[in-house]
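The values are calculated or read from the model by the stated rules, or taken from the named source; none is laboratory data. Every value quoted in this text rests on a predicted model; they were computed, and no experiment measured them. Please note: Cβ atoms are built from the backbone with ideal geometry, for glycine as well, and neighbour counts cover all protein chains shown. These accessible areas exclude ligands, DNA and RNA; they are computed on the full protein's heavy atoms, side chains included. Shrake-Rupley method; radii C 1.70, N 1.55, O 1.52, S 1.80 Å.
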Amino acid sequence: MARLALQTSDWVRVDPWESEQVQWMETVKVLRHHHSELLRSLPQTEGLDHGRAGSTARTAGPELKLLCGADVLKTFQTPNLWKDAHIQEIVEKFGIVCVSRTGHNPKEYISGSPILHRYRHNIHLAREPVQNELSSTYVRQALSQGHSVKYLLPDAVIAYIKDHNLYTRDSSRKGSSTQRNEGKPSWGEPAPPPRSSS
């Protein structure tokens, strides 16, 4: 679906590595993989390693950061969900770009966590000039309630979701019949706007 959503983009690419893994991958392991791939793709420069003959050093390159919503940042406080060592590695080595969400206070989450507070200089809070509450969670909920996501997703992604019977009430009961549109998306009608929690 990500490939379909980005097929017209000339600056964003999809890497299937995480989805090709046999089991679920912890976020920090995914970041390590992509960081390694970034380093491998950078040009190498000879002789910049403080005078060591024949050494190879890498030139400065792009940074890799975890992009998440403030709702995900809040989950760092959930007991036994994230390992403290992983949180520290994420914020210390990579950094975070956190997008605001209605009803969430990322500054409070940062100040309330010793690890996040220690590395707060590496957490960037993205403020949206126009509030946008669209999220993958909202899209999945809209589909499961039978609402359309027309104009929220590219048509190719909507077709994929429909063809694969994803995110519907009866998607776990393939082939079962339901009464009149119950649990089935009405693909042509726009979904209602997300509700504000304020």
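What are the residues in the stretch 87-142 that are hydrophobic (A, V, I, L, M, F, W, C) and closer than 30 Å to Asp170 by Cβ, if any?
Of the residues in the stretch 87-142, the ones hydrophobic (A, V, I, L, M, F, W, C) are 87, 90-91, 94, 96-99, 110, 115-116, 123, 125-126, 130, 134, 139, 142.
Passing the criteria: Leu134, Val139, Ala142.
What are the pairs with Cβ atoms under 8 angstrom where one residue, in the stretch 151-171, is free of Cβ contacts under 8 Å to residues at least 12 places away in the same chain and the other, located anywhere, is among the hydroxyl-bearing types (Ser, Thr, Tyr)? Sequence gap at least six, or different chains.
These pairs meet every condition: Asn165/Ser171.
Among the residues of the stretch 73-87, which ones are under 23 Å from Asn132 (Cβ atoms), touching a residue at least 12 places away in the same chain (Cβ under 8 Å) and either touching a Gly at 6+ places or on another chain (Cβ under 9 Å) or open to solvent by 30 Å² or more (accessible area, probe 1.4 Å) (or both)? Spell out the reasoning first.
From the stretch 73-87, those under 23 Å from Asn132 (Cβ atoms) are 73-76; that's our starting set.
From the residues that got through so far, the ones that are touching a residue at least 12 places away in the same chain (Cβ under 8 Å) too are 73-74, 76.
Across the stretch 73-87, the qualifying residue is only Lys74.
Sort out which residues of the stretch 142-156 are over 17 Å from the mean Cα position of the chain (by Cα) and not in a loop (DSSP other than H, G, I, E, B), and write them in order of number. Walk me through it before giving the result.
Of the stretch 142-156, the ones over 17 Å from the mean Cα position of the chain (by Cα) are 142-151, 154-156.
Scanning the stretch 142-156 gives Ala142, Leu143, Ser144, Lys150, Asp155, Ala156.
Could we say that Leu116 is touching a strand residue (DSSP E or B) at 6+ places or on another chain (Cβ under 9 Å), open to solvent by 70 Å² or more (accessible area, probe 1.4 Å) and under 25 Å from His35 (Cα atoms) here? Give the steps one after another, and end with the answer.
Numbers: touching a strand residue (DSSP E or B) at 6+ places or on another chain (Cβ under 9 Å): yes; open to solvent by 70 Å² or more (accessible area, probe 1.4 Å): no; under 25 Å from His35 (Cα atoms): yes.
Against the criterion (touching a strand residue (DSSP E or B) at 6+ places or on another chain (Cβ under 9 Å), open to solvent by 70 Å² or more (accessible area, probe 1.4 Å) and under 25 Å from His35 (Cα atoms)), Leu116 does not qualify.
Just wondering, is there one or more residues in the stretch 159-169 that are acidic (Asp, Glu), modelled with pLDDT under 90 and either over 30 Å from Leu39 (Cα atoms) or open to solvent by less than 30 Å² (accessible area, probe 1.4 Å) (or both)? Let's see the steps before the verdict.
Quick first cut of the stretch 159-169, residues acidic (Asp, Glu) only: 163.
Add one more test, that the residue is modelled with pLDDT under 90, and what stays is none.
For the stretch 159-169, residues acidic (Asp, Glu), modelled with pLDDT under 90 and either over 30 Å from Leu39 (Cα atoms) or open to solvent by less than 30 Å² (accessible area, probe 1.4 Å) (or both): absent.
I'd like the full set of residues that are open to solvent by 50 Å² or more (accessible area, probe 1.4 Å) and part of a helix (DSSP H, G or I), limited to the stretch 13-34.
Glu18, Ser19, Glu20, Lys29, Arg32 - these are the residues of the stretch 13-34 that are open to solvent by 50 Å² or more (accessible area, probe 1.4 Å) and part of a helix (DSSP H, G or I).
Could you grab the pairs with beta carbons closer than 9 Å, sequence gap of 6+ or different chains, first residue in the stretch 14-30 and closer than 18 Å to Phe76 by Cα and modelled with pLDDT under 95, second one among the hydroxyl-bearing types (Ser, Thr, Tyr) and open to solvent by 90 Å² or more (accessible area, probe 1.4 Å)?
As it stands, the answer is none, since no pair meets every condition given.
Is it true that some residue in the stretch 51-63 is at pLDDT below 95, of a type in the set (A, V, I, L, M) and surrounded by 11 or more Cβ atoms within 10 Å (Cβ to Cβ)?
yes
In the stretch 123-139, which residues are among the polar types (S, T, N, Q) and either in contact with a strand residue (DSSP E or B) (Cβ under 7 Å, 6 or more places away or on another chain) or on the phi > 0 side of the Ramachandran plot (or both)? Explain how you work it out, then say what you get.
Residues of the stretch 123-139 among the polar types (S, T, N, Q): 131-132, 135-137.
Passing the criteria: only Ser135.
Which condition number in (1) outside any helix (DSSP H, G or I); (2) loosely packed, with under 13 Cβ neighbours inside 10 Å; (3) modelled with pLDDT of 95 or more; (4) not hydroxyl-bearing (Ser, Thr, Tyr) is the one that Val130 fails?
Looking at each condition in turn, Val130 falls short on (3).
Which of the residues spanning the stretch 79-111 are part of a loop (DSSP other than H, G, I, E, B) and at pLDDT below 95? Quick ask: steps written out before the conclusion?
Narrowing the stretch 79-111 to residues part of a loop (DSSP other than H, G, I, E, B): 79-83, 95, 100-105.
Selection gives Pro79, Asn80, Ser100, Arg101, Thr102, Gly103, His104, Asn105.
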